[in-house]
1. Please report the antiparallel percentage of DSSP beta bridges with both residues in chain B, rounded to the nearest 5.
2. May I ask for log10 I(q)/I(0) of segment A:300-396 at q = 0.10, 0.16, 0.24 Å⁻¹, from a Debye sum over the Cα atoms as equal point scatterers with solvent left out?
3. Considering the alpha-carbon set of chain B alone, what are its Rg and its Dmax in angstrom?
4. Taking the rotation that carries B onto A, look along its axis and tell me which residue of B has the beta carbon nearest to it, distance in whole angstrom.
5. What gaps in nm, shortest first, separate A:Asn23 from its twins in the other copies when you place the label 7 Å past Cα toward the beta carbon?
6. Inter-copy label distances at A:Lys80, 7 Å along the Cα→beta-carbon direction, one decimal in nm, shortest first?
7. State to the nearest 20 debye the size of the charge dipole of chain A about its Cα centre, where the only charges are +1 on K and R beta carbons and -1 on D and E beta carbons.
8. Packing-wise, with mean Cβ within 10 Å as the measure, how do A:187-194, A:276-283 rank, highest first?
There are 2 protein chains.
Amino acid sequence: MGKGITYPLGFYASGINCGIKKNGKEDLSLIYSPSPCIASGSFTTNQFKSYSVLWSIKNIKNDIKAVLINSGNANACNGKENWDLTVRLIEELALKLKIDKNSILFSSTGIIGERLPYEKIINGFDRLIENLSPQNNILAAKGIMTTDTFPKEYEINTGISGRKKEVFIGGMAKGSGMINPNMATMLCFITTDAVIDKKALDIALKEAVDESFNMITVDNDTSTNDSVIILANGLARNKTIHIDSPEFDIFCNSLKKLCIELAKKIASDGEGSSKFIEVNVNGGWCKKDVRKVAKKVCGSLLVKTAISGANPNWGRIVAAIGSTNARIDMKNIEVKICGITVFKGEPVECDKEKLIKLMENKEIKIEIDLKRGNFSATAYGCDLTEDYVRINKEYS
Amino acid sequence: MGKGITYPLGFYASGINCGIKKNGKEDLSLIYSPSPCIASGSFTTNQFKSYSVLWSIKNIKNDIKAVLINSGNANACNGKENWDLTVRLIEELALKLKIDKNSILFSSTGIIGERLPYEKIINGFDRLIENLSPQNNILAAKGIMTTDTFPKEYEINTGISGRKKEVFIGGMAKGSGMINPNMATMLCFITTDAVIDKKALDIALKEAVDESFNMITVDNDTSTNDSVIILANGLARNKTIHIDSPEFDIFCNSLKKLCIELAKKIASDGEGSSKFIEVNVNGGWCKKDVRKVAKKVCGSLLVKTAISGANPNWGRIVAAIGSTNARIDMKNIEVKICGITVFKGEPVECDKEKLIKLMENKEIKIEIDLKRGNFSATAYGCDLTEDYVRINKEYS
């Protein structure tokens, strides 16, 4: 079992059921660091942000000590009295934790348009706080789940030494509907005991999110609640990481690796999905082109259903590539499915029986070489199954 | 039974099985006008256009006498020998019809990446031509179908008088996968006996396509084969319609109405769909905003599955509106589902039982008022069902 968000020094976690989920499963989580943290966040671009997101955006610049998360209710599009409820809720938690209310962040995920279950959450605070422990990371990871089938955690050693200890990073995430294209919520919470300045943390998070979570979504179809938050409490006592420190790249790469691993877990747990899809695009003219092609192919409903049925209909992949405005030329393009070349400027004869057999695997890799330049990108997704439809017909 | 493409004077149609479809159903259609036609076309923006589309783009400026259409094979991404096959095929048809090869247009729809079934099509020409008749519009409409469950035809009287007769417009279309977002092919062929100049015909077609077929697709995810073609043979002998003729607006409105009716038929026949969805957006700041919002809501997978399950989860509609960059303000927005107001700046209490009952209907209307201006737009779509997934797993 991983240690997730409590892997770095000085972070405590908790997760309980406060009565929002009727089945008794965890629905309220808390991350707590007695040492104040530098924080950075990447929040939804949706114009209708949840009140929880609005609260967090307002406070992310402060020294942060706690993050409260509820599942089962999105606290979005539910009328402005819920802003007042949000503020009162956080004030109540601040009193209980004996910290400043502006040092608390808040995230929510669940159904849109219903009143924040203020009383249930308030009544859970005592148990939630009693429950705080460096061992309860898994309960916190469960408390943020909605239709996820498993909790998602990851932790990593950066190799950066501090006076007290090596710098660690830990994280937990929850997935989002079929992800791609998605309107359901993606949440991720990351902790680190690094000493790092605010600007370096902002840049490191932005780059990591671009290569990971932003490669599992498409078309800026973000939910009202999407959030990625990182907290750095500095307890490793390393030399402060600035953007021009030699350790900055190392930190960035570790954070990126952690975010990619969590993104893959999210993609592989898409609602009703039976397969994980990875689309590698190489040889692009520019970064934008390769990202566009990777996401378009990975997000094509026809490609997703073909993969679900182990149907080697590569024409759908080529058509998806052509539907972008990337700089491409059909005669240069090479497409491989599960390592088998199916298209190279024109159709390539291949062993179809073997390909179908390979496509029955749980992990499908599509490789596209545009042969126009040196840029590459990878997108992550899952197949589209009858179960996705069933789950989303019944959600509310 | 409608008259479709043979409703205007002087158009002949034909449809036969030439052996591409194994089940004996029509797979080869011909539209023929002995009188040469002014033509206009709207073709896919996909970078990998089928050889049939490339042929038609090359010749659309000419006087046109015939349009050949095959289903079951897309003639796309299948290697450049298929361009030669395409040219030879058209030359053969030109010989048989005793017309110039450059007066023939060509469309294809079906599986991508397979060799054009040149011999089968050539061998069908004699029967195809013998079969030409003003009564065989329905056979032609069947010959362009792929996964469509019914042929789609419409015809309209414009009210514009000519020396010979009133100007008529007729059309036939085929649908495309789930349409939205789609990579499958949408084809539409329109005939008219109007006398109209090329520029007026181009503008009329562009406007009609924008309000109809372009409102059933999303994100420019066009297939390799999408085409809308109109032919005008002038046999009504009306006074030539220019863009400043009083009849121009009348012609435009009739053409738009015909295209919208065909677009609705396509949307209602989305693969595996059980319901037709219409999204009206009013009160927009500009045309672009209302089109964007209408298409985003109509194309949201979560909205589509909610409608499939008669699930009154309006939060998904509001979140889809917010995910666009349209000029909106939540406190002004009003949303109605099946005539019942569910959101007006904040949630509105409504009779949920009644709403669920109404959502069990086959036609679902969503009305959105942005209250920011005077623009409006309508998008057409269908719900997402388990059957869509099943059909597309097995397609090839």
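Readers should treat all values here as calculations from the given coordinates under stated rules, not as data from a laboratory. The shown structure was predicted, so the numbers you read here are calculated from the model rather than taken from an experiment. Cβ atoms come from the backbone with ideal geometry, glycine included; neighbour counts cover every protein chain shown.
1. Working: 48 of 70 bridges.
Taking every DSSP beta bridge with both residues in chain B, the antiparallel ones total about 70 percent.
2. At q = 0.10, 0.16, 0.24 Å⁻¹ the computed log10 ratios are -0.31, -0.72, -1.36.
3. Both quantities, over Cα of chain B: 21.7, 69 Å.
4. Value returned for chain B: B:Glu386, 2.
5. 3.9
6. 6.5
7. Working: 53 positive and 47 negative charges, 68 e Å.
Here chain A has a charge dipole of around 320 debye.
8. Details: A:187-194: 29.1, A:276-283: 21.5.
Ranking the peptides A:187-194, A:276-283 by packing returns A:187-194, A:276-283.
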